[in-house]
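Notes follow the structure.
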Amino acid sequence: MTATRRIGDSERRRRIGVRHALAPTHRLGDVAAVTRAMTVLHATEAASVHLAVAARSEGLTPADVDAAMYGAREVVKQLAMRRTLFVFPRELLTAAWGSASARVATAERKRIAKAIAGAGIAEDGDAWLEAAREATLRRLADGPATVAELRADVPELAGMIGGTTDKPWDRAVPVAPWVLTHLGLSGATLRGRNAGHWRLNKPTWMRTQDWLDPVPEALDEAAGYAELVRAWLTTFGPGTADDLQWWLGSTKTAVTRALADVAAVTVSLDDGSTGWVLPDDTDDTEAPAPWAALLPALDPTVMGWRSRAFYLDPAHVPHLFDSNGNAGTTAWWDGRVVGCWVQDDDGTVRLSLLEDVGDEGRAALDREAERLTAWLDGTVIGNVYASRQMKQAKLP
């Protein structure tokens with residue numbers, strides 16, 4: 001297939017500023033709009049959701065993010081692509097349930113059943129999982145519960161696996177999160193209100209019918225992948241088929257089918273590869289004024305593509321990503337990653353740059369640091385995925 005239209009790196013960077021609501025003139029006014037603009041928000045680190053919204057909006061507070069997730073429920077946490085926790089726009093849940101989440105659920109069922117049988121908890125690990133799921137749902141019919149409460153109330157969830165040797169890697173782990181993970185992947189349960197501070201992941205669990213009323217029906221696999229790909233192309237296009245396969249955690253066959261289902265068209269990219277866009281999305285983007293942004297760990301912009309050279313110097317990767325490919329915080333100047341940011345003990349945001357951005361860039365980044373410091377209002381964020389550069393910047 002020959003790509004006839006060329007979309008260069010500069011256009012791709014302009015699209016980041018505009019479509020990802022990072023240029024100040026394109027910031028958005030509500031949490032659902034930010035989430036839809038990004039397709040989904042990464043939620044592995046709870047604070048990343050709030051910080052991703054802060055970077056793309058004006059006037060919203062952490063309380064506004066919580067209200068959208070736990071009050072209006074316009075956006076919902078869901079484990080999906082690559083066994084990763086995201087915040088989805090409510091209307092996109094049905095696509096994930098039928099495709100990406102279902103794929104992970106199948107793999108998780110096999111893993112859990114094998115582990116349960118291997119540990120001697122039950123001869124039939126699959127039957128054990130079904131019984132544990134049913135017992136958990138019966139308990140949740142009485143009301144929401146935290147993991148600790150469920151372990152106390154549901155005997156099937158009280159068990160531990162491992163910790164039988166003195167090997168450093170052999171630690172006892174509870175089975176309750178496995179069961180809840182599978183229930184969530186299959187759409188039977190959802191993460192409800194957070195039981196702790198917004199920067200922490202301490203969910204209460206709910207039956208889906210108690211959290212969403214009415215509960216929409218999951219799309220079939222093909223339709224689900226098509227909707228996810230349509231949304232991804234709207235946010236991240238152009239991107240390659242490899243980018244999509246990585247982001248979805250799916251197969252090449254599923255990506256090929258979904259691209260055909262949404263009538264995506266090919267374009268040529270500056271690195272010589274073939275990209276994909278929606279059929280009405282080949283025009284150039286009007287350039288915003290040069291912009292600065294400070295994004296959290298695992299931000300969806302940073303994690304949207306597998307091939308990142310058009311916005312990230314490959315030499316910066318070992319400084320800003322861990323060995324598993326997880327991004328720490330990032331500092332951006334006019335569509336390119338130029339460093340990271342950290343906080344001092346009093347909550348002040350401080351830059352750690354890897355390249356010279358000039359006086360204009362430094363001034364803009366300093367303003368963003370001041371804006372984020374004020375938004376956090378003394379809250380200090382812990383980072384599980386702190387990069388090498390973040391760790392070095394925190395040294396005395």
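Within the stretch 280-290, can one find any residue that is crowded, with 22+ Cβ neighbours inside 10 Å and either over 26 Å from G335 (Cβ atoms) or modelled with pLDDT of 95 or more (or both)?
Going residue by residue through the stretch 280-290, those that are crowded, with 22+ Cβ neighbours inside 10 Å are none.
No: zero hits.
Residues in the stretch 208-239 that are of a type in the set (V, I, T) and crowded, with 19+ Cβ neighbours inside 10 Å: T208, V229, T235.
Please go through the stretch 262-286 and pick out each residue that is among the small types (G, A, S) and either assigned by TED's automatic domain parsing to the domain that holds W375 or out of contact with any Ser or Thr (no Cβ under 9 Å at 6 or more places or on another chain) (or both). Full working, then the answer.
Quick first cut of the stretch 262-286, residues among the small types (G, A, S) only: 263-264, 268, 272-273, 275.
Selection gives A263, A264, G272.
W205 passes all but one of (1) surrounded by 18 or more Cβ atoms within 10 Å (Cβ to Cβ); (2) assigned to a helix (DSSP H, G or I); which number fails? It fails just one condition, (2).
For every residue, the table says whether it meets (1) under 17 Å from R193 (Cβ atoms); (2) among the aromatic types (F, W, Y); (3) touching a strand residue (DSSP E or B) at 6+ places or on another chain (Cβ under 9 Å).
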site	(1), (2), (3)
I121	no, no, yes
D126	no, no, no
A131	no, no, no
E134	no, no, no
R138	no, no, no
P144	yes, no, yes
V147	yes, no, yes
P155	no, no, no
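None of A331, A309 is surrounded by 21 or more Cβ atoms within 10 Å (Cβ to Cβ), under 29 Å from W232 (Cβ atoms) and under 23 Å from the mean Cα position of the chain (by Cα) except A331. If you check R230, R133 for being of a type in the set (K, R) and within 30 Å of W276 (Cβ to Cβ), only one passes: R230.
Does at least one position in the stretch 287-306 carry a residue that is without any contact (Cβ under 8 Å) to a residue 60 or more places away in the chain, assigned by TED's automatic domain parsing to the domain that holds E355 and not in a loop (DSSP other than H, G, I, E, B)? Step through it out loud before you land on a result.
Here is the first cut: in the stretch 287-306, the residues without any contact (Cβ under 8 Å) to a residue 60 or more places away in the chain are 302.
This time we only want the ones that are assigned by TED's automatic domain parsing to the domain that holds E355, so: 302.
Retained after the next criterion (residues that are not in a loop (DSSP other than H, G, I, E, B)): none.
Scanning the stretch 287-306 turns up no residue that is without any contact (Cβ under 8 Å) to a residue 60 or more places away in the chain, assigned by TED's automatic domain parsing to the domain that holds E355 and not in a loop (DSSP other than H, G, I, E, B).
Filtered by the rule that a residue be surrounded by 13 or more Cβ atoms within 10 Å (Cβ to Cβ), outside any helix (DSSP H, G or I) and hydrophobic (A, V, I, L, M, F, W, C), the stretch 108-156 gives A119, I121, A122, A145, V154. Selection over the stretch 361-396 of residues that are over 25 Å from the mean Cα position of the chain (by Cα), surrounded by 15 or more Cβ atoms within 10 Å (Cβ to Cβ) and part of a loop (DSSP other than H, G, I, E, B) gives a count of 0.
The values are calculated or read from the model by the stated rules, or taken from the named source; none is laboratory data. If you're wondering where the values come from, they're calculated on a predicted model, not measured in any experiment. Neighbour counts are summed over all protein chains in view; Cβ atoms, including those assigned to glycine, are modelled from backbone coordinates with ideal geometry.
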